[in-house]
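For reference, the structure is listed below as structure tokens.
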Amino acid sequence: MSTTTSHEVPRSAPAEATAARPRRFRRDGSTVNFWLFTGPFLIGLIVFVYVPIGWSLWLSFFEARFTVTPDKFVGFDNYRQMLENSNFTGSLVTFTVFAAFIVPLTWALSLGLALMVNRLRFMRAFFRSVFFLPTACSYVAASLIWKMSIFSGVRFGLMNTVLGWFGVENIAWLANPDPPWYWLVIVSARLWLQAGFYMILFLAALQNIPPELYEAAAIDGAGPGWQTFRHITLPQLRATSTAVILLLLVAAYQAFDEFFNLLSKTTWGRPPLVELYYTALGQAQDYGAGSAGAVILTLLICMVTLLQGTFMGFGRGEKAE
Amino acid sequence: MSALSSNWDRRSVLRAAAGLAALGPLAACGSNNGRSGGGSSGKELVQYFHAYGEAGTEQAIKKYAKAYDKAQVTTQWITGSDFESKLFASLLTKNAPDLFEFHPQIQLVKSGQVADLSGIIDPVKDDFNPADIASHTVDGKIYGVRMIDDPQFFFYRPSLLEKAGVKVPTTLDELVEAAAKLTTGKVKGLFIGNDLHAVINPMIWSAGADTLDDKNQIAYHTEGVKEGLTTMRKLFTSGHLLLDAPADYWDPSAINQGLCAIQFCGMWAMPQIQKVLGDDIGVFPFPKVTDAGKPSVYNGGWSMFVNAKGRNVDLAKEYVKWLWIDQKKYQEDWSLSYGFHIPPRSSLAASATKLKSGLPAEGVELFGQYGHFDNIGWTQSMITALEDVFANAVRKDGDPEAALDKADVTVNRELKKLFG
């Protein structure tokens, strides 16, 4: 920075120095603008992200029941308590099952919708909006509609009414873990909520595929339909697919609203965030154990991300350069 | 003016405005504390209440608060099922309520969260139900004022029982059989709540056990309780239990809408049930689980506590004394004008004509005969541990012994923290 200044403002030339002043003023102004616009967000980041992370780490080594300013150091007791807690370890299994359902299903449904909407010759904007609209719906509102109206366990629930026409007994969709119908409720709610968003991503990617590729394939004798889809469309969507899968996995890790609202106080069907909520902010108010669980979860996510990066080859291209 | 022009040009003003706009949301954080002004006198109080289901209760609490002339009392009426979470989370902040309703729990006392109210209760102590006083006392000090007592038992439709040839159950096995006989195409035999949590303690008591004994040791891990859990599992999987109802056990909708023939609920719902079903309603306690046990009724209720870490502890105590000790007309109104609750003040309970005859009188009799009160040593973590037992051994097909063993670990850890 000083080197640049000496180049642009020779000390022995007062006239040039005068000319250079506005330039330095502009650079100072840029610095002010930089802090003005990034400062509030930086403060927010520090206050609402870094301080809580540090505080949580500190709390995880203390007996912190009903207080966030504890004074009793307990070492790794909270970590041991969480690792021995089958509800916490079970929540990791819940997440894995949820991700195994929701990631491929959303990928397939959103891609299918995108292909369908992309083929439309008229009313394309209408159908695009129709499929995208659920994205604007709150997860809490959708969960309540699913719970109270569609999958209500009594005879006037929509699904039970329909099943009743075929002589099927009422099903308690959410109260009974055996058979685990609650997965149908949770997965269908999230599918409805998020498929439209990923459809838009796929739609954008589909519209970026050069039509010449399809023309060339047709000249080479490729049949329309599955053959073209498999050998032209799908490979062209590889980058978008990778991004979609990553986003879906992140979203699955953050799952909270629908589980919390659809399954109240069960020991099953609790993803990690719900389990940690019940530990730290629920009735137990054990901030020490909750923080220890959060640290364990964070380490786990870091490990998975590193493994995923290695597996999917992120950064390999940059290293080559 | 010219100076202003030179130092504050259009861009500067815009920059400052953008900066202020960006800082606005930060400044707004934490400003909503539920206090609605009240001047600078400092005579303001905030109280937290969970949303009662009976119509008119919110207006009643706000009416009492408005009648208090020594401070402006603001009521936070918290809807939803996670009142406890919201209360505990807010108690950690500077916007914590000055007073709040809850149940007596020793960790609130041990952590210095609730103030000693002995000074305001002692003069009228003898007029309170002794069991209520005992359930709020730690080391001779009383930490809360009971506002209402809420016995919880089964409501049943005599006409449906008669039609099915079923007698009022006196054992848990009979209850299971009754549920089977009462289940028809559209009506399930029994409803005990969606998560079954309401019947956990009654089942333990009816099995001849208890949550903790007099020495604050585990008293729920018995053969009788295991037997009860096995029978409850049988009931849960029988197809005769109403599951996944739109409203939970505390709301009488299930029995009122004809979704079930018998429902576990509280005496608070009695007026609503009588309004819909008229005389076709009866009550019975949670039946005995084993021969060694006996029927039980959970005497729930709500108490008023003062936040010892609040900003207006003395003022809050004064308000509690004014409303829940001195204003007997409000206490009577609160207990009897909306739902039916038993007033914890013996003098009020004795003069409550609405509780003297018919179904309410039967409820009061069950309360006196089979009632079990809150144990102040039984904390939220312990409650959750037994909820997990029901989730794992009744709703899931888990081994009752293993589920109880798991609960023992949590409860013993908690007991060690509390009592050493």
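Which of A:I186, A:A294, A:Y139 sits farthest toward the positive end of the charge dipole of chain A, with +1 on the Cβ of Lys and Arg and -1 on the Cβ of Asp and Glu?
Going by the Cα projections, it comes out as A:Y139.
With a 1.4 Å probe, how much accessible area is buried between chains A and B, both sides summed, in Å² to the nearest hundred?
Interface between A and B: roughly 3500 Å².
Report the one residue of B:T384, B:N299, B:P344 whose Cα lies farthest in the direction of the positive end of the charge dipole of the range B:273-420 (charges on C-beta: Lys and Arg +1, Asp and Glu -1; origin at the Cα centre).
B:P344
List, largest first, the extents of the alpha carbons of chain A along their principal axes, each in whole Å.
Taking max minus min along each principal axis of the Cα atoms, chain A gives 98, 76, 36 Å.
For the range B:52-175, compute Rh as the Kirkwood radius over C-alpha pairs and then the Stokes-Einstein diffusion coefficient at 37 °C and 0.692 mPa s; write the answer in µm²/s, rounded to an integer.
Taking Rh from Cα pairs, D becomes 179 µm²/s.
Show me, bin by bin at 10 Å from 0, the whole-percent P(r) of the range A:42-154 based on Cα pairs.
Calculated over all Cα pairs of the range A:42-154, the distribution is 10, 18, 25, 24, 15, 6, 1 percent.
Between A:T242, A:T161, A:T38, where does the largest GNM mean-square fluctuation fall for chain A, given springs only between Cα atoms within less than 10 Å?
Checking each option, the largest mean-square fluctuation is seen for A:T38.
Find the Cα radius of gyration of chain B, compare it with 2.2 N^0.38 Å by division, and give the number to two decimals.
The value comes to 1.14.
Under a Cβ-only charge scheme (Lys and Arg +1, Asp and Glu -1), can you give me the dipole magnitude of chain A about the Cα centre, in debye to the nearest 20?
760
Give me the dipole magnitude in Debye, nearest 20, for the protein assembly as shown about the Cα centre, with unit charges on the beta carbon: positive for Lys and Arg, negative for Asp and Glu.
For the protein assembly as shown, the charge dipole is close to 2740 debye.
Could you give the nm distance between label points at A:W165 and B:A308, where each point is 7 Å from its Cα heading toward the beta carbon?
6.3
Write down the Kirkwood hydrodynamic radius of the protein assembly as shown, to one decimal in angstroms, obtained as one divided by the mean of 1/r over all alpha carbon pairs.
One over the average 1/r among Cα pairs gives 30.2 Å for the protein assembly as shown.
With a 1.4 Å probe and every protein chain left in place, work out the accessible area per residue of the protein assembly as shown in Å², rounded to a whole number.
Computed with neighbouring chains in place, this is 48 Å² per residue.
Pop the C-beta distance of A:M123 and A:L158 into the FRET formula with R0 = 30 Å and round what comes out to the nearest 0.05.
The calculated FRET efficiency here is 0.65.
Taking each full run of DSSP H in chain A as one helix, which ones are at least 30 Å long along their axis (Cα atoms) and have mean Kyte-Doolittle hydropathy of at least -0.5?
Qualifying helices, which must be both long enough and hydrophobic enough, are A:14-45, A:86-119, A:182-207, A:287-312.
Roughly how tilted is helix B:400-419, in degrees to the nearest 10 and between 0 and 90, from the longest Cα axis of chain B?
40
What is the helix-to-structure angle for B:223-236, meaning the angle in degrees between its Cα long axis and the longest Cα principal axis of chain B, kept from 0 to 90 and rounded to the nearest 10?
Computed tilt is about 90 degrees.
The values are calculated or read from the model by the stated rules, or taken from the named source; none is laboratory data. Since this is a predicted model, take the numbers as computed values, not measurements. Methodologically, a virtual Cβ is constructed for each residue, glycine included, from the backbone with ideal geometry; neighbour enumeration extends over all protein chains shown. The area values use the complete protein model at the heavy-atom level, side chains included, leaving out ligands, DNA and RNA. Shrake-Rupley method; radii C 1.70, N 1.55, O 1.52, S 1.80 Å.
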